[in-house]
Every structure is written in C-alpha cells, then in structure tokens.
Ligand code: ACK
C-alpha cells in the first residue's frame, strides 16, 4: 500500500510540471462542454467503490488554481475491481457526445517488484438515465449494467525530456457516444489493477456555430446523432431577400458543408462584409441582382440613403423603358437648315439633325403639314391641316432619317411644313416643342392620263385638266417620242379637247407621252410621263377563240408552275428546317445578330465571331477599367498569352476587391490580341455563382489585361492533389454540384465549353468551384492535354466525348462526357484519367466499351452517374440540369453514398497491371516515392512483405495522411488481384 501511494504522489508531482492549465481550458468554438472536471469549483464528489480504490486528490496548478484528479495504483494486489462514477451529466439536447480523458498510466515494467497481475489499461462505461431512477450501485456494479465505451491504454507512459530524463506522459484519448436520447448519462471508470491518474474528464457535444454565408444566417445547430448531416435552412440577413432558398448541412464534427442557394441585398442595399448596407446618398441600386450601389447617373440625384433609383433633375426625364442606370435626358432641340425641292405637286424636304439630341440616341422626326388658302403672295393666309390627302414617304411620323418626300399635293397651292425632332422623353416634357417651319408652293400640272387605246399604228390618250388654273385652258400640248430616241426626235401636237389619238406610229414600238395645259396665264408644267406600246403586226384580235384558248392554256400552265414553285419552296424550307435542327449549337450560335447586348433574363450566348469588329464585342460585354484602379501584387502563374497575377481592384466609390489579372505579353500580333480579348467578351456575358466573374478589361493602355474575381485556391486539379484525402465525400459532392450548376447555366445559354476538366475549374476560399477558361483559342493553344487529331484541330483526348474526337461534334452532351471525367478527377483527388495510357489506347479502349473504374472509396451512385455521362450515344447522357438535381438528392440523403464501388482494378485486358520486382519500384509507380525510406527502415524489403500491411501499420511507418494511406492500400489490393490472376493462370507469383 505504501508503495503505490509513493508512486501516486510521484506522478502527481511530475504531472504538475506537465500541465499547462491555460491550454487545457481553451476549447474550440464549436464544442459545448457538459462536464469539465478541471473547472469544478469544489470536490467532484464522484462515487468510488471500494474505498481503497479510486481516490480524489486536489493539486494546485502553477496559477494556484485547484485541480481535481482521481488516481488509483493498487498494483501490488491481485483481483482489483475499482469503480469510479461521475454524477449525472445532463445531455442538453445533444444526441452524440464526446468524452475526452487526460490521464497518466505507469507501465508495469517501470514499477520494480510488481506482480504479473499489474495492468496497463482501464475501462470506460456509460449509463443513460432519465434522472428519476438512481444508477446501478457501484457496490454491485456489473459490466452488463453499463454500456462499455472502450478499453483505454496509454500511447506512452514516459517520454524523454530535453536533458534525457524520463518524464510522465500525459495521454489524451477522445471517444464518442452516439444515439443518446435520455435526460443525461453517468460515466464510469473501471480499474482492474493499473496505476492511473485521471487528470481531466471532459464531456462535450459539437455544434455548428452560427454562420453567415451567401448573406444567409444559419443558426447555431447541434450536430446529428451519428454520421447524418443536419440540413439547415438559412434566413436572409437584414435587408436581403432570397434568390434561391439558402441551405447548408451541419456535419457530425461541427463543420458547415455545401452552401446551396443564396440571398441578395434588396434594391437600395449592397453587400459589405457579409451584411446589406444602405446605398449612400448620391448612389442607388435598382435591382437585387446588381452587386453594388452605383453612382447616380448624370442629371439625376438621390438625397437620401437606401435609394433604389435616382430622381431626374428638373427639365430631365427618364422614359419608362430606360434602364435605371441610364442618365436622365431631355427632349431634343429643333432640327436645323430645312430645305425643300418642289417637283410640281410633290416636294422633298430635308433638314439637319438637332444640335442637342437631349442625351439620347433615339431621335426621330415628325412632319406636320398645313395647307394655306389664298393665292401665293396674299398678305393674310389661312392654314388648315392637310389631312390625309398628302402622301408622305417613307412616313409622316417617326422618321429616322432627316428626309421625307410629300406627294399628291394640290397644284399651285401654299403649304407649310413644321418639322419636329422627338425622342423617348419628348412626351414627358410639359414645355412646348421646338419646331422648324418651311413654306412651299406647288406648281400647276395636267394630272395623269386616265385612258388609252392602242392599235398597231395609233394610240389614244385622255387626261384631266388642272384643278385650278390661272385662267381658262386655251389648248393642251402633247409631246411624245420613241423610247430611247429622245435626243433625236420628238413630236409636239396640240388640241383643245382632253382626248387625242396619235397616229402614224410604228407597230410594236414603245413611245413616251407628256401633256401640259396652255392657259391665259401661260404654259403650266408637264404632268407625269407615260410609256405606251403600239400593237405588234401579228397580234391576234381580242375575242379570237384561239387566243382565248392560248390564254387559258397559259394561265393553266402558270398556275401549275406556281404550284410547283410553292411546293418546291415548302419542301426546301422543310429541308432547311431539318438541317438546322441537326446543326451543331456552335453553328447555331453564329447566326445571332451582333451588336445586341443580351437583355437581363435573356439567356443566349453571342459568339464574338458574329461581330465584324471583335473590339465591338469587347466593348459590348466587358467594362473598360482605368489602369490606375488596379494594383498588381504578385505573379501567380503563366497563361497562354502572358503572366497571371493577383492584385487589388478599387473602382471609384466601390470597395477594394481581390482580383486575378491576366496580361497580354508584349510583341503580340493583332490576331493574338483578338484571341486574348475574346475570353473577356465571352466571360462578360455570363453571370452565375459557378462561373468565373469578369470584372473588366484594360485595352486603352499596355499591357492589355483581363481582370477577373480572385479564386484563393487556384485550379481544382492542383488543389485536390495538394489536399489528397482530406475532404469528406459531401465536400467533394459540393464541388461537383457547383461545377454542374455552372455547366447547366452555360448549356442553357447555348454555350459549349469543349475543354471542361479539373484544370479549368477554379476554387475559392469557401471551396466554391467555378468554371473558367473561355478563350477562343484555348483548346488549341493553352491546354497541355490537347493533342492534334487526324482531322486537324487540337483536342484534350482523355476528357473528350468520342463523337467530338471522331467528327468534331461538340455539344452540351459532349460537355457532359467531360463532366463525368471531371467528376472522376474530383473523387480521385486529381488523378490523371486513364493514368499513363497513351491517347491512342484511350480512344481504342473507349471504342471497345471500356470505361474508367470507380476511384478508391467512390460511392456506387457517383460511379453510376459517371457511367451515365459516358454513354456512347450522346442523347442517352443526362442533361446538366438532371445532374444538378441528382447531386442535390445525394447531398440531402448521404446514406445513399454508403455503398462503395470498391472497384479498384481497371478491368481492361489490354492494360494489365504492371509487375514490380521491388518495393521501391512499386512506390515509384504509384507516386509515393517519398515513403521508400519508411518502408525499408521498417523491414519491408520484398513486395510480398507489403501484401498484408494494414492501415495502423502504415500509420506506424509514418504514412499519416489519409489520402496517401488510401492510395497505398488500394495499390496493395491491386497487387493481390494480380497475384490471384497469376495463380489462376498457373504462373509463378511475381512478387
Ligand atoms: O493552379 P493555379 O494556382 O490557378 O495556377 C493557375 C495560373 O493562374 C495560370 O492559369 C491561376 N489562376 C488563373 N485564374 C485565377 C483566378 N481568377 N484566381 C486565382 N488564380 C487564378 C491558376
């Protein structure tokens, strides 16, 4: 007895020097402590039985704070069964609690003279209770009355100090208890003859702490009972509204996973540091979809904060269809310099555009016509509107060009035309319109010839005299000439009547006739010319039955011809429709008109090649940024056209943001500049949380730059390789879901990416994945994985659908194939698809129906989704929208992910697993060369010695990363399979 007391006080003394109470009493935010023996103010008063067993001992830490500990050290006597039990620990709603034990345990060898009954472990139990019934008394405690949590052993009893002394080691072990349902629980510790000091017992549960993500507030949430995720619906922060219902999952270890949906700041508010702040006076935000408050456009103001639009200054207006971001405008000034050209009873009016368009581009013109009575020169004129008698060409109102022709005016009449410039806000202004007037007088003419009769050598004409005239008509003058012979010969005839037959004409010849009136006041103007042809010599008389027959036959033939033509047109039209339906979306895209900025909500991608001037595409879709607003910080990589840097962008009246800056290196050709900027004109058309966002371009000075949002974790393939094995399957699913949502958006915009792969996905600090790399030449030049095909053009073979490789049929369905490969890359943490197989072998294998096997630990459902994406027939592949729905269902129901595919062998007979002769070769082949030393120094020299290595042995070897352990174990599995195959074939096992 005296002996073990000495030991006890000895290790408590050592303990004293080991403990750092500050460190012991600081716990992570997401842990809620239910019991902490270290911070108990008085005696713990736990029940111990028998009395010479566990003993409560108080010691002071170095800050003189008392600590309660329990110890037992009855190592000299056999048949020990010492129990210690806590008081009731309330569960506080948690369904899963953690028990953290800090203790020291002497190893029996270090105690001289102890008998063989000395133990080096102790047991921990719990008993759930509603509190009403007392727990089973310790005196009669039996294991069966308590649920065993675990047998606890020390990792180490002693460690070596700096000066070579053996010091007691404080061990920490954590266990969890799941599925709790009663009010609380008792913990019980059973010692069977060890030398233990129980320094600290802490019981806690985990919760996901209150979080704000995507402007949604997720409340403090207690984690689920076992592995299940708790789905939590977020509520939008103040002044935000839901864009898509915000949700997140609280994982069993107290972390938030997979944010879905988001809130956006209401009009009049912008997002600053995760909150919606009101727009300042002078600024506004019209739509919840706009990211930031904008400065009020010209000629408008907002005197108060929270403005969703700015009010126009006096005299300025905003048309109903004007976007709120447009400057307020005013009606135009009057048009200038009107001129008229009168041609008898017609007039052409022309004028110059208004000097001030009012700030708008939609100026049109209206022409008002008034007829003025009284003869020309009379002092007082009375004017009335012309009504519908005058004919305006092209139209009277809404003229887009400063020119109009007015015909069918009355001869020798005064007219006043008032020309008005109008724009989209003219109707909103109460001020009188600015007009410019022009007066004209028409001249007198003989109106159109109304009758004619023709024979082989004569033509009879009839006409109407002038409506008003300066006197009685004396006679009419008829002038005619043979068409095309005007210069040589024309004839003038006179008559007092309104009808004349001109004789002596040549048969089958066209003549041009004009008529004018001669009144007391002199000759008037000629009326319009008329062309008439005499009959041909052999022409049949009207009423000839033969002629009627011919006519009928001709009509019938004409009708038949017409029907044939219509039929042809319809058939060819259908044919065209068929061809179009079969078109590649890439070709369809080319048919969109350029110069049109997509309207909000319109979802059609416009290919920059549809622009004659590619610079116009850049101007339409990308904002020009002043280079003085950019601060470059460091180079982060190399792109196809030059360096990629990270830096800061501070736009006037906006907060500074972190950006990535791609620049075009010096000495570029015009084509390279166009290709470089094409990425901006494509990216600028997209607005989606899973598509990399374009901030703008710098084109007015050198170097030319493209500015995008900054993605803290860089490209997905590198990121995954760096964090091999470190994510939960739900986190990986969240990444895949993001990529699918981005691709769904692109496919709905009719955009085909052609190079979807993990290397072209960027990852931000919240693990949100965004699709990037939209340059027109990128597939050709930028991608190291792209190779030339026999049909020309470069293609990243391993990621590309067979129909796209074979005949360049790139569609959203071929993007789905690439998506399947990207999924495979994600689950395998950036493994190269088809490993080191050659491109030719990959094409052949795919053609023969082989598909990538499930990566290590891949849930069956995910591998099945990949296989669906790799359907040979592209119409059998899922659409991106379906993929998103599918992944959402899996995230919500993680139990569906439990069944693992476990297919670690590439079942391709053409590529058998290579045989290795040494452990070093094997580790090299699976890119784990860094562990060669570890294996050899632990005695693993031959390959067959590694065949039965377990996870715990790997840990002892020093392979501690879970991802590396998985990789090595999966390869060992392959070695097993290979061995079995060789045995089946009756060959010697080559290990
Ligand atoms: O894998 P990384 O770090 O991520 O290296 C490449 C490099 O630039 C060349 O493309 C990185 N990169 C490209 N765009 C961005 C961006 N928007 N944010 C952060 N890194 C980027 C990419």
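The values are calculated or read from the model by the stated rules, or taken from the named source; none is laboratory data. Keep in mind the model is a prediction, meaning the values are calculated, not measured. Neighbour counts are summed over all protein chains in view; Cβ atoms, including those assigned to glycine, are modelled from backbone coordinates with ideal geometry.
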- Query: Can you name the residue in region 617-635 that is within 16 Å of the ligand (Cβ to nearest atom) and surrounded by 18 or more Cβ atoms within 10 Å (Cβ to Cβ) and is also nearest to residue 681 (Cα to Cα) among such residues?
  - Reply: 622
- Query: Cβ-Cβ below 9 Å, separation at least six or inter-chain, first residue in region 63-79 and free of Cβ contacts under 8 Å to residues at least 24 places away in the same chain, second assigned to a strand (DSSP E or B): which pairs?
  - Reply: 66/58; 66/59; 66/60
- Message: Here are the criteria: (1) touching a strand residue (DSSP E or B) at 6+ places or on another chain (Cβ under 7 Å); (2) more than 30 Å from residue 318 (Cα to Cα). Tell me which single one residue 389 does not satisfy.
- Response: (1)
- Task: Might you check whether a residue that is without any contact (Cβ under 8 Å) to a residue 60 or more places away in the chain, surrounded by fewer than 22 Cβ atoms within 10 Å (Cβ to Cβ) and under 14 Å from residue 660 (Cα atoms) occurs anywhere in region 721-740?
- Result: no
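Every residue in region 866-887 that is free of Cβ contacts under 8 Å to residues at least 40 places away in the same chain, over 21 Å from the mean Cα position of the chain (by Cα) and surrounded by 15 or more Cβ atoms within 10 Å (Cβ to Cβ), please.
Of region 866-887, the ones free of Cβ contacts under 8 Å to residues at least 40 places away in the same chain are 871, 873, 876, 882, 885-886.
Those left that are additionally over 21 Å from the mean Cα position of the chain (by Cα): 871, 873, 876.
Listed by number, the list holds a single entry, 871.
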- Any hit, region 116-123, residues being surrounded by fewer than 19 Cβ atoms within 10 Å (Cβ to Cβ) and free of Cβ contacts under 8 Å to residues at least 24 places away in the same chain: yes
- Message: Where the second residue is away from the ligand (no atom under 16 Å from the Cβ) and the first is in contact (Cβ under 8 Å) with a residue 24 or more places away in the chain and lies in region 687-709, which pairs have Cβ atoms under 6 Å and are six or more apart or on separate chains?
- Response: 688/745; 690/741; 696/623; 698/627; 701/627
- Query: Considering region 217-238 alone, what residues qualify as being part of a strand (DSSP E or B) and without any contact (Cβ under 8 Å) to a residue 24 or more places away in the chain?
  - Reply: 217, 230, 233, 235
- Note on the structure: When residue 618 is run through (1) modelled with pLDDT under 90; (2) in contact with a helix residue (DSSP H, G or I) (Cβ under 6 Å, 6 or more places away or on another chain), the failure sits at (1)
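Mind listing whichever residues of region 713-754 are outside any loop (DSSP other than H, G, I, E, B) and within 16 Å of the ligand (Cβ to nearest atom)?
Narrowing region 713-754 to residues outside any loop (DSSP other than H, G, I, E, B): 715-722, 729-748.
Within region 713-754, 715, 716, 717, 718, 719, 720, 721, 722, 735, 738, 739, 742 meet the criteria.
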- Message: Suppose we keep only residues that are more than 11 Å from the ligand (Cβ to nearest atom) and more than 18 Å from residue 721 (Cβ to Cβ) within region 757-772. Which one would you say is surrounded by the fewest Cβ atoms within 10 Å (Cβ to Cβ)?
- Response: 766
- Message: Could you list, ordered by first residue, the pairs with Cβ atoms under 7 Å in which the first is in region 636-664 and without any contact (Cβ under 8 Å) to a residue 12 or more places away in the chain and the second is within 7 Å of the ligand (Cβ to nearest atom), at least 6 apart or interchain?
- Response: 638/644
- Candidate set from region 636-664 (those that are surrounded by fewer than 15 Cβ atoms within 10 Å (Cβ to Cβ) and more than 12 Å from the ligand (Cβ to nearest atom)); member that is nearest to residue 713 (Cα to Cα): 656
- Query: Can you name every residue in region 679-706 that is outside any loop (DSSP other than H, G, I, E, B) and either surrounded by fewer than 17 Cβ atoms within 10 Å (Cβ to Cβ) or near the ligand (Cβ under 9 Å from one of its atoms) (or both)?
  - Reply: none
